[in-house]
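For reference, the structure discussed in these notes is given below.
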Amino acid sequence: MYKCCHLYYEQETNNIYKEVDTCILITHAQYDNIKKYLDNLESLYKLEKTKIHCFGSYIQFSLLILLLSLL
């Protein structure tokens, strides 16, 4: 894994609408082609209004912050 990213999307399945706001881990290849990665996510899972923000620091730093916040 290369970066920790914040992902937001909207999805409608079986007449149920939901908004999802989550964090994901992406590889270096996915980060280098982030537009293609989002397009693939949208088409594979039928997502709408997909937005992603990747943090500037490396994954180790992000995981360290997460662990410290849990303590």
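The values are calculated or read from the model by the stated rules, or taken from the named source; none is laboratory data. Worth saying up front: this structure is predicted, and the values here are computed from it rather than measured. Using ideal geometry, Cβ is built from the backbone for each residue, glycine included, and neighbour counts are taken over all protein chains shown.
Does the stretch 1-28 hold any residues that are under 14 Å from the mean Cα position of the chain (by Cα) and not in a strand (DSSP E or B), and which are they?
Answer for the stretch 1-28, where residues must be under 14 Å from the mean Cα position of the chain (by Cα) and not in a strand (DSSP E or B): Met1, Tyr2, Thr27, His28.
Restricting the search to the stretch 29-71, which residues are at pLDDT 90 or above, of a type in the set (A, V, I, L, M), in contact with a strand residue (DSSP E or B) (Cβ under 7 Å, 6 or more places away or on another chain) and not in a strand (DSSP E or B)?
Hits for the stretch 29-71 are Ile34, Leu38, Leu41.
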